[in-house]
């Protein structure tokens, strides 16, 4: 996108210069066909237009380079200003963070998502990448900025982003992408078109409360942080938001595939627990011991994608992990409570 905008700017500059030259030539031809005072005026104007064209051709690239090299320091992150900036974006909105503070607090979140929606209507592509809440990097960051609940912040962020994406109409939905990465966070990026606020992660404080640099993305530092973003965005361990929200499973009875569906799930280390409500009918027909489940979801972030067949075991208040420990994780991830009248059928996936 950045290269395209630079090319568009160069094309506009060339068109502008050629237009000025064409006007100058037309004025000089007109002057040649005129006499007296009119001829003198047209010659002077034509010569002036030539000088303007040459000045523009010489100085515009220099001014453009000067603008790219400018770095402005802000003592902290102005959430309101950034939300206004993204609402005017027409090309690209990019966010890379651990957990996004812009999604915390009702008014702050509403203002930010309203800005994102406006940017989408302008045709801007939105890419947001947050830290995997169950990763070792998230646990390390939580230790660095204790008592901030890093995992809780990220899980909350992802829930609201999922709700936001689900409410978008199809044309806008195709422009909106959210992924989660599993790596040590190195830089925070908040980009709108060719401008961005960047910061690094200090020990003992959230990055949002630390100084930020406002840079042009076409500058060397802008290209550097964009390279880090692209590296994480395309890394094999990075997952789409849809993979985090739901697990696709295939239910088997012996070798017979009975059903394929998506289920809600949570992870506790290498253990995955699903809400088996969508397959309740098959459980009633064949029993929990008569079925197995296959999935290609990454159940353990320390390992590659699993393609194993799993046996099923019911969770209660005695088995490990206990239902009392797992229920709050589902509430945190999906925002459901007892008032929803949804009774979860919690099943643990166990490797054979």
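The values are calculated or read from the model by the stated rules, or taken from the named source; none is laboratory data. Values in this document were obtained by computation on a predicted structure and should not be read as measured data. Heads up, the Cβs are rebuilt from the backbone with ideal geometry, glycines too, and the neighbour counts pull from every protein chain shown.
Within the range 67-158, which strands (runs of 3 or more DSSP E) (wholly inside it) include 1 or more residues that are buried (at least 22 other Cβ atoms within 10 Å of the Cβ)?
92-96, 125-131
Please tell me if residue 297 is in contact with a strand residue (DSSP E or B) (Cβ under 7 Å, 6 or more places away or on another chain), surrounded by 14 or more Cβ atoms within 10 Å (Cβ to Cβ), at pLDDT 85 or above and not in a helix (DSSP H, G or I).
no
Condition first: within 27 Å of residue 139 (Cβ to Cβ) and either free of Cβ contacts under 8 Å to residues at least 24 places away in the same chain or surrounded by fewer than 18 Cβ atoms within 10 Å (Cβ to Cβ) (or both). Now tell me which residues in the range 182-225 satisfy that.
Correct list: 183, 184, 186, 187, 200, 202, 203, 204, 205, 209, 210, 211.
Within the range 166-181, identify whether any single residue is within 17 Å of the chain's Cα centre (by Cα), surrounded by 15 or more Cβ atoms within 10 Å (Cβ to Cβ) and farther than 23 Å from residue 228 by Cα, and answer yes or no.
yes
Report, by residue number, each residue of the range 300-334 that is in a loop (DSSP other than H, G, I, E, B), at pLDDT 70 or above and either more than 13 Å from residue 266 (Cα to Cα) or over 33 Å from the mean Cα position of the chain (by Cα) (or both).
If the condition is that a residue be in a loop (DSSP other than H, G, I, E, B), at pLDDT 70 or above and either more than 13 Å from residue 266 (Cα to Cα) or over 33 Å from the mean Cα position of the chain (by Cα) (or both), then 308, 315, 316, 317, 318, 319, 320, 322 are the ones that fit.
Any idea which of 218, 208 is part of a helix (DSSP H, G or I) and in contact with a helix residue (DSSP H, G or I) (Cβ under 9 Å, 6 or more places away or on another chain)?
Residue meeting the stated conditions: 208.
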